[in-house]
Amino acid sequence: MICPLCKNEKWDVDICPKCGLDENEALLTKAKELKLAERYLEAGDLFQKFIQLEPGEENALRMLATCLSIETISRRDVMLFERTRKALTQALDNDWAWDQGHQF
């Protein structure tokens, strides 16, 4: 397996020997880096993978919804809109008080 963060190809049992992170931490760290670099769709894909591994992670779900919302608004892509709607709905179901989610 290749580490999502440092791209090391020799993945140890639980921890990447190069960056010292497990798969979940590496995915989340790389997703945050991509979000900061305004590469929202790529970040969203990694947040989605992280959520599949950690389904109860509300902060990652909010970040996924944020990335997808920004990308959908900028692209005005109908196909991306459905994916965004699902992420926003799930994030708001988990935390109705999330103001930014309501704004999107």
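Descriptive notes on the structure:
- Residue ID - surrounded by the most Cβ atoms within 10 Å (Cβ to Cβ), chosen from residues in the range 41-61 that are farther than 16 Å from D93 by Cβ and among the charged types (D, E, K, R): K49
- T72, sole failed condition from (1) over 17 Å from the mean Cα position of the chain (by Cα); (2) crowded, with 22+ Cβ neighbours inside 10 Å: (1)
- Yes/no for E38 being exposed (fewer than 13 other Cβ atoms within 10 Å of the Cβ), of a type in the set (D, E) and not in a helix (DSSP H, G or I): yes
- Among residues of the range 26-43 that are closer than 16 Å to R75 by Cα, those with a Cβ under 7 angstrom from a residue that is among the charged types (D, E, K, R) and surrounded by fewer than 23 Cβ atoms within 10 Å (Cβ to Cβ), sequence gap 6+ or separate chain, pair up as Y40/E71; L41/E71; A43/K35.
- Qualifying residue in the range 45-60 (condition: at pLDDT below 95, of a type in the set (A, V, I, L, M), under 18 Å from G101 (Cα atoms) and within 16 Å of the chain's Cα centre (by Cα)): yes
- In this structure, L64 qualifies as open to solvent by less than 20 Å² (accessible area, probe 1.4 Å), in a helix (DSSP H, G or I) and free of Cβ contacts under 8 Å to residues at least 60 places away in the same chain.
- From the list A60, A37, A43, the lone residue that is touching a Lys or Arg at 6+ places or on another chain (Cβ under 6 Å) and among the small types (G, A, S) is A43.
The values are calculated or read from the model by the stated rules, or taken from the named source; none is laboratory data. Computed from a prediction, not measured in an experiment: that's the story for all the values here. In this analysis, Cβ positions are derived from the backbone assuming ideal geometry, glycine residues included, and neighbour counts consider all displayed protein chains. Heavy atoms of the whole protein, side chains included, go into the accessibility calculation; ligands, DNA and RNA do not. Shrake-Rupley method; radii C 1.70, N 1.55, O 1.52, S 1.80 Å.
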